[in-house]
Amino acid sequence: MVVNITDYRLQLRSHDFCLLVFVSWFLSFHFLLLPYLPIFRSMKKRFYIETYGCQMNEYDSEILTGILQSHDYILCNSAEEADVILLNTCSVRDNAELKIHSRLGELKHLKDNNPDLKLGVVGCMAQNLKKELIDTKPYVNMILGPDSYRDILKHLGAEETHIIDTKLSKFEVYDGLFPARKEGVNAWISIMRGCDKFCSYCIVPYTRGRERSRSIESIVDEAKRSIDQGFVEITLLGQNVNSFDHEGDKFPALLKALTKVDGLKRLRYTSPHPQDVDEELMRMHAEYKPLIANHIHLPLQAGSDAVLKAMNRTYSQEHYLQLVDMIRKYVPDIGITTDIIVGFPEETDADFRETLKVMEYVKYDNAYTFKYSPRPYTKAFKMGDTVSELDKSARLTELIVMQKAHTLERLRQMIGKDVEILVEARSKKSSEEMRGRTACNKIVVFPKGNYKPKDLITRRITDAQGVTLFSRPNN
Ligand code: 5AD
Ligand code: SF4
């Protein structure tokens with residue numbers, strides 16, 4: 001017993017001693033090294049990333065940011081203060097590539113002043129132009145295609161001054177990497193990558209490779225982690241989001257699994273291909289309304305059967321319109337938006353009128369409209385660029401005028417209705433008002449009251465102007 005007590009005291013004493021040593025080490029470490037901390041911090045490399053193009057590129061930039069931030073890189077706010085500059089690029093239209101060429105020209109002087117600066121071009125244009133880019137702009141150090149981001153640290157640490165990594169993968173879905181998202185209401189989650197549809201005008205199947213999907217478990221896991229981080233809305237992302245197929249698990253099964261995630265206030269997805277929109281999907285919308293938002297982006301691209309066939313869109317005008325009827329049968333108040341291209345090779349004025357006819361029938365809530373841009377490697381490229389710039393412009397103008405009228409008409413149909421709004425932020429125009437989004441994806445402005453971002457509220461719509469709804473007591 002006695003021996004035990006002595007032991008115990010001895011233990012205590014040695015414990016105290018250890019504590020003393022630790023505290024003095026801790027203090028000396030901090031006081032001596034404190035002045036040098038900025039030096040340690042500056043040993044971290046600063047990176048700057050600029051993103052062009054679609055939402056998938058935004059997501060990929062978040063993946064890249066996540067990888068770099070977890071390995072001694074810190075994100076900075078301007079190219080001028082960076083050790084590494086990344087341009088995440090788009091190739092979908094010629095003007096997107098022109099923008100990058102001119103931005104690279106602007107950045108060249110930074111490389112001239114600082115030879116250690118690493119300048120990387122990543123994404124679709126990197127995939128598309130590869131060596132040509134380094135040959136014409138030798139000050140670019142790194143070309144990474146959309147499937148090579150996992151290796152970015154290896155490439156940044158390499159001795160070589162010019163690196164090209166553009167292998168496309170049949171499997172890469174960036175599973176297990178958590179994107180570094182900016183704080184907000186909505187978290188984007190990529191569920192599939194690539195495209196197998198090969199629309200004849202589109203470069204995406206060549207720059208992003210074949211379709212592949214993530215597992216439902218990994219997507220649900222990312223959704224839960226996003227909710228834990230404070231996001232309340234999730235938008236599922238994919239080049240053909242509803243072609244999702246992971247070992248036989250299809251898109252409706254994924255939606256169903258996500259509806260069970262606690263804390264999720266709204267679920268969206270973009271963009272589906274009309275070919276894969278079916279009654280099962282619309283039944284899910286009807287059953288899980290309002291959690292699954294009543295909005296669908298349904299790219300039309302063109303209204304004439306001849307053009308649709310040449311575009312390889314796999315549906316006719318009649319089929320598309322039947323689809324719209326089916327969608328509205330299940331969810332009558334659904335918001336429908338679209339993408340339209342004018343001036344596809346050989347598109348006649350009569351063909352273009354067919355596009356306007358579909359627009360008149362559907363009365364889209366909104367439309368993204370583009371002039372056809374020939375893309376090398378695509379099938380349509382071989383058809384030439386037969387519609388003059390003048391005709392393309394005239395058609396685009398006519399289409400935009402019609403769409404503006406439809407957008408306002410659809411907004412006005414909501415006046416007097418009570419709608420659910422997910423609060424997003426202060427209104428840009430007035431500090432006394434806030435803005436939020438309806439499930440059918442329309443912006444609403446309303447008095448700020450005690451509302452906070454991420455609240456799900458119900459208010460009556462009182463007015464509509466331009467592309468915005470208003471809910472104001474005096475209207
Ligand atoms: N020219 C013009 N628009 C195009 N898009 C895709 N490829 C082209 C092209 N070569 C449009 C389609 C697609 C959207 C993302 O971009 O409308 O849905
Ligand atoms: Fe391009 Fe067509 Fe694939 Fe969409 S579906 S990414 S337009 S090829």
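The values are calculated or read from the model by the stated rules, or taken from the named source; none is laboratory data. Fair warning: this is a prediction, and the values are worked out from it, not measured in the lab. No Cβ is skipped: glycine too gets one built from the backbone with ideal geometry, and neighbour counts run over all protein chains shown.
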Evaluate region 114-121: report whether one residue or more is closer than 23 Å to Ala79 by Cα, at pLDDT 95 or above, exposed (fewer than 12 other Cβ atoms within 10 Å of the Cβ) and of a type in the set (D, E, K, R). no
Name the pairs whose Cβ atoms lie under 6 Å apart, with the first residue in region 294-306 and more than 17 Å from Arg328 (Cβ to Cβ), the second away from ligand 1 (no atom under 13 Å from the Cβ) and part of a loop (DSSP other than H, G, I, E, B), and 6 or more positions between them or separate chains? Asp305/Ser316
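How about region 356-385: which of its residues are of a type in the set (Val, Ile, Thr) and either outside any helix (DSSP H, G or I) or within 16 Å of ligand 2 (Cβ to nearest atom) (or both)?
Let us first name the residues in region 356-385 that are of a type in the set (Val, Ile, Thr), namely 358, 362, 369, 378.
Answer for region 356-385, where residues must be of a type in the set (Val, Ile, Thr) and either outside any helix (DSSP H, G or I) or within 16 Å of ligand 2 (Cβ to nearest atom) (or both): Thr369, Thr378.
Could you tell me whether Glu347 is surrounded by 14 or more Cβ atoms within 10 Å (Cβ to Cβ), of a type outside the set (Val, Ile, Thr), more than 27 Å from the chain's Cα centre (by Cα) and assigned to a helix (DSSP H, G or I)? Talk me through it step by step, then tell me what you get.
Numbers: surrounded by 14 or more Cβ atoms within 10 Å (Cβ to Cβ): yes; of a type outside the set (Val, Ile, Thr): yes; more than 27 Å from the chain's Cα centre (by Cα): yes; assigned to a helix (DSSP H, G or I): no.
Considered against the rule, which asks whether it is surrounded by 14 or more Cβ atoms within 10 Å (Cβ to Cβ), of a type outside the set (Val, Ile, Thr), more than 27 Å from the chain's Cα centre (by Cα) and assigned to a helix (DSSP H, G or I), Glu347 comes out as no.
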Here are the criteria: (1) surrounded by fewer than 16 Cβ atoms within 10 Å (Cβ to Cβ); (2) more than 17 Å from Cys440 (Cβ to Cβ). Tell me which single one Arg328 does not satisfy. (2)
Of Ser190, Ser200, which residue is under 17 Å from the mean Cα position of the chain (by Cα) and either closer than 30 Å to Met383 by Cβ or buried (at least 20 other Cβ atoms within 10 Å of the Cβ) (or both)? Ser190
Select from region 228-267 the residues that are among the hydrophobic types (A, V, I, L, M, F, W, C) and surrounded by fewer than 18 Cβ atoms within 10 Å (Cβ to Cβ) and list them in ascending order. Ala253, Ala257, Val261
Can you tell me which residue within region 268-286, out of those that are under 18 Å from Val185 (Cβ atoms) and within 16 Å of ligand 1 (Cβ to nearest atom), is surrounded by the fewest Cβ atoms within 10 Å (Cβ to Cβ)? Thr270
If you go through region 187-235, how many residues are away from ligand 1 (no atom under 16 Å from the Cβ), of a type in the set (S, T, N, Q), in contact with a helix residue (DSSP H, G or I) (Cβ under 9 Å, 6 or more places away or on another chain) and under 30 Å from Arg435 (Cα atoms)? 0
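Quick one: which strands (runs of 3 or more DSSP E) lie wholly within region 51-133 and hold at least 2 residues that are free of Cβ contacts under 8 Å to residues at least 12 places away in the same chain?
none
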Looking at Gly248 and the list (1) more than 16 Å from ligand 2 (Cβ to nearest atom); (2) within 29 Å of Gln69 (Cα to Cα), which single condition is not satisfied? (2)
Would you please name the residue that is farthest from ligand 2 (Cβ to nearest atom), looking only at residues in region 251-278 that are more than 18 Å from the chain's Cα centre (by Cα) and of a type in the set (D, E, K, R)? Asp262
